[in-house]
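Nothing in this text is a laboratory measurement; each read-out follows from the coordinates by a stated rule. Because the structure is a prediction, the values reported are computed rather than measured. In this analysis, Cβ positions are derived from the backbone assuming ideal geometry, glycine residues included, and neighbour counts consider all displayed protein chains.
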Amino acid sequence: MRGIVKVVEKATGFFNNLLGLSNAFWLDDFIMMRKIRSGDIATELLKPVSFGGLVLAENAGTIAFRLLANFLPALLVSLLYIRILPPSSALNLLLAVASAGLGFLILFGISYLVSLASFWVVNVWSISTIKNVFINVFSGLLIPMWFMPEPVLRVIRWTPLVSIYHFPISLYLGAFESAVVWRGFGLQLFWALIIFSAGAGLWRKAVKRLVVQGG
Amino acid sequence: MASLDGIKDRLTLLARYVRLTMKSWFQYRLDAVLRSGAVFLRESAGIIVIYLSLRRFGDINGWNMAELLFLFSFIFLSYGLFILLFTGLRDFEQLIQTGQFDRFLLRPRNLLGQVIVWDADYFAAIGQGGLGLVLFIGSAARVGIDWSIGKTLACACFLAGAVLIQAAIFLLTASASFFFVKTGNLREILYYNARKFAGYPISIFPKLIQAVMIYVVPFAFINYFPSQYFLGRPDMAQYWRGFLYLSPLVGLGLFGLALLAWRHGINNYASTGT
Amino acid sequence: MPMAFIKVENLRKDYRISRRSRGFLGLLANLVAPRYTVKPAVDGIDFSIDKGEMVGFIGPNGAGKSTTVKILSGILHPTSGSVTVDGLVPYRERKRHVQRIGVVLGQKSQLWWDLPVYESYDMLRYIYKIDKARYRANLAMVQELLGLAEFFEQPVRQLSLGQRMKADLGAAFLHDPDILFLDEPTIGLDVVAKENVRNFLVQMNRERGITMLFTTHDMQDIEKTCRRMIIIDHGRKVYDGSIRDIRAMYSGERELVVELAEECLNLELEHARVVHQDGRVKRIKFRNADIAVQDLIGHLNRHYAIADLELRDTEIESIIREIYRDGAVHSAGVR
Ligand SMILES: Nc1ncnc2c1ncn2[C@@H]1O[C@H](COP(=O)(O)OP(=O)(O)OP(=O)(O)O)[C@@H](O)[C@H]1O
Ligand SMILES: [Mg+2]
């Protein structure tokens with residue numbers, strides 16, 4: 001019986017962390033669409049820095065603020081009062097922070113891809129919604145991963161979705177064997193790389209399209 | 001008043017509006033299709049979550065999976081129909097904010113009529129209604145209903161009632177737009193939050209919430225009581241049996257009330273010109 | 001004598017501007033007992049317009065022009081006073097009234113944004129129940145006079161401002177309105193497009209006898225189209241009469257800017273004065289009542305070498321400026 005309580009407690013804590021983190025990591029998929037509609041996109045192209053980098057820097061700023069102002073206090077309060085599990089060790093905490101950073105990069109990369117779609121469709125609402133469905137359902141945000149049927153789990157274990165929230169928080173909660181940790185980080189780096197190069201490629205295509213079609 | 005010619009004229013106008021809105025949508029074909037897909041998936045996500053949790057718990061208050069999906073299907077079917085027929089009520093706030101409503105006042109046509117046909121969101125309706133249909137067909141077979149003409153008719157009446165109840169809720173919030181600039185929160189509380197509760201049999205909730213769902217924002221008449229009419233789960237024992245048949249009446253009554261609020265709102269608009 | 005076609009008597013419109021208190025308690029207080037400040041936008045206006053007249057309706061920003069137009073077209077109820085348009089009270093018999101009028105709002109299009117112009121026109125045919133023959137004839141007419149053919153199949157969102165304005169104007173004539181209310185229909189248009197629009201309106205007024213009330217900030221619109229104008233300011237009527245009379249009543253102060261070919265410190269002028277000088281550039285003010293423009297220029301030409309000349313406003317503009325300025329001073333004293 002005590003075992004079950006422990007698991008439930010752990011699950012609750014896990015969920016609180018996850019939801020807090022996902023709120024802090026909220027990204028605006030509609031930046032590009034607004035710029036295209038208002039025509040501001042032209043001035044962005046004139047700037048001598050990469051547009052993706054600019055958006056990333058802007059987002060990183062607001063998100064750092066949200067982490068410090070919302071997530072961290074909430075985490076501390078729930079550590080003290082709701083008695084969710086503290087990080088299992090200092091090393092785990094460090095690893096968790098590092099992988100949360102990578103997880104954010106992946107999330108940002110996906111959001112950037114979606115926002116670039118506004119060069120091809122009039123409204124990215126649909127694509128953004130579809131993206132959010134996948135992230136919410138399969139990154140363990142709405143239901144714990146262990147509720148998933150085994151065949152589904154086997155697939156999503158390799159997708160970037162687990163890398164976003166599930167892996168960092170698993171690190172926070174419990175020690176892993178080093179093999180699992182390495183594999184997790186490897187997967188994160190791999191996906192971050194893939195998604196960012198896709199973003200860069202798509203941006204080049206978008207610019208070409210803009211130049212050719214005049215917006 | 002409603003002569004045959006008058007009816008014909010209104011139907012032609014309606015058909016014209018539908019044609020026009022379709023044409024606008026087809027200016028952006030890809031967007032339109034994606035919209036249906038996105039709405040379908042977004043709503044499915046909630047169902048998937050319930051489905052997966054239920055695999056663990058077995059049943060909720062004596063309702064098994066198929067029965068819960070049947071319960072759900074009424075929400076999506078009726079909401080899909082509501083969007084099909086009344087989109088303008090959902091987005092009415094925008095009409096006021098952009099000043100487009102003034103243009104409606106300058107046309108020799110009924111105001112509410114112009115509002116409800118405005119910019120109909122057909123592709124969201126397809127997403128919602130499509131999901132409703134999938135759920136309904138998928139679950140109706142498994143909950144063991146033997147369909148007779150009477151039952152089919154009853155089902156149609158319940159759906160009509162459910163559509164009217166939702167139309168009334170949105171007409172009320174639309175009327176509030178005449179008084180307040182932002183009514184998004186009101187819609188959130190009165191409709192979308194209530195709708196989250198309606199995904200479950202209301203009997204699992206505390207008494208207060210049950211009372212709200214029956215007497216205040218009567219979501220129970222959108223899906224719980226209509227489903228109970230067909231399923232007859234034992235938790236119905238705690239409610240008056242008459243509720244089973246009341247959905248169409250509740251719909252008509254609430255819509256009547258909302259119409260009064262609408263009249264009042266229009267008068268206020270004409271005198272304040274928000 | 002026939003009854004006036006449009007009759008406005010002691011028209012008042014107060015807007016209530018709610019004063020929101022801050023915080024949660026404030027919000028509650030607002031719900032229980034909303035507090036307002038009352039702002040009189042139209043403050044007792046009378047006028048009447050005969051059938052077939054074309055009247056310019058002008059006044060400075062915030063004078064209450066749009067508000068008056070909204071009341072006349074049935075969108076708003078007046079706070080007090082009475083309005084009848086062709087025997088109907090606009091806000092009481094909305095549907096019958098709007099069937100007879102056309103309203104063009106320069107700032108807002110009535111066309112369907114994503115669709116070609118002809119789709120909107122076709123829709124209006126059903127909305128106003130226009131019979132086919134009438135529709136065809138009217139369509140052909142506005143198409144020709146406004147040159148719509150060029151962009152008739154283009155989505156409205158792609159039209160230039162001038163094209164959109166023409167499309168909107170044309171749309172207002174499809175159902176044979178007897179009266180047309182125009183709220184800044186020339187806003188943002190170039191010189192040629194403005195000219196087009198004015199000519200079109202004058203022609204419709206003459207040939208079809210359509211009564212028009214024309215709001216604008218461009219005095220040339222008025223000079224070139226209307227014989228009569230009504231000026232309002234701070235919700236009150238300050239002038240109602242012909243444009244010729246106003247020239248006689250107010251002899252406005254005008255400004256002439258002269259650039260001399262060589263330095264000259266003191267210009268010697270009669271009936272005019274130098275108000276500002278910047279090297280060889282002098283700004284001179286004078287009144288038509290005192291000296292005619294050509295006499296002033298002749299005088300300058302005879303005595304000085306002129307490099308460049310510019311007459312700052314047309315006469316009517318200077319008169320209007322004076323009225324607006326004095327009107328503002330006047331009412332600031334009253335309130
Ligand atoms: N809906 C409203 N609520 C409150 N005040 C309003 C509203 N509409 C207009 N007003 C106020 O009423 C006054 C008259 O406005 P109105 O729009 O009629 O002026 P106008 O003569 O058309 O000006 P403009 O030349 O700038 O278009 C203004 O002071 C304006 O601020
Ligand atoms: Mg105005």
Just flag the trypsin sites (Lys or Arg not before Pro) in segment B:172-222 sitting in loop per DSSP whose Cβ has no more than 14 other Cβ atoms within 10 Å. B:Lys182
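When DSSP beta bridges are limited to those with both residues in chain C, what percentage is antiparallel, rounded to the nearest 5?
Percentage antiparallel, nearest 5: 70.
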Distance between segment C:224-243 and segment B:85-114 - C-alpha centres, whole angstrom: 34 Å
10 Å Cβ neighbours from other chains, averaged over peptide B:36-45: 5
At a 10 Å Cβ-Cβ cut-off, how would you order B:Met22, B:Met236, C:Met165, fewest neighbours first? B:Met22, B:Met236, C:Met165
Karplus-derived 3J(HN,Hα) from phi for segment B:205-212 (6.51 cos²θ - 1.76 cosθ + 1.60, θ = phi - 60°), whole Hz, x at Gly and Pro, runs 8, x, 3, 4, 5, 4, 4, 4
Asserting the computed 222 nm helical MRE of the protein assembly as shown (DSSP H runs at least 4 long, -39500 (n - 2.57) per run, divided by residue count, to nearest 500) equals -18500 deg cm²/dmol
What does the net charge come to around B:Ala38 if you take all other residues with beta carbon closer than 13 Å to its beta carbon, with K and R at +1 and D and E at -1? -1
Order of C:Cys264, B:Cys155, C:Cys226 - criterion: other Cβ atoms within 10 Å of each residue's Cβ, fewest first: C:Cys264, B:Cys155, C:Cys226
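Please report the antiparallel percentage of the DSSP beta bridges confined to the protein assembly as shown, to the nearest 5.
The antiparallel fraction comes to roughly 70 percent.
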Taking the Kirkwood radius as the inverse of the mean 1/r across Cα pairs, report the Rg/Rh of chain C. 1.06
Mind jotting down the distance between the C-alpha centroids of segment A:135-155 and segment B:34-58, whole Å? 12 Å
Considering only segment C:51-247, what is the antiparallel percent among its DSSP beta bridges, to the nearest 5? 35 percent
Which of C:Tyr304, C:Tyr128, C:Tyr324 moves the most in a Gaussian network model of chain C with Cα springs under 10 Å? C:Tyr304
What pairs in A:Lys131/A:Lys208; B:Lys182/C:Lys7; C:Lys65/C:Lys108 have C-alpha atoms more than 27 Å from each other? B:Lys182/C:Lys7
Whole-angstrom gap from segment C:112-183 to segment B:195-232, using each part's C-alpha centre: 51 Å
Sorted from fewest to most neighbouring beta carbons within 10 Å, what does the list B:Phe205, A:Phe167 look like? B:Phe205, A:Phe167
Sorted by chain and then number, the residues having a modelled amide H within less than 5 Å of the amide H of C:Leu115, at least 5 places away or on another chain, are C:Val156, C:Arg157
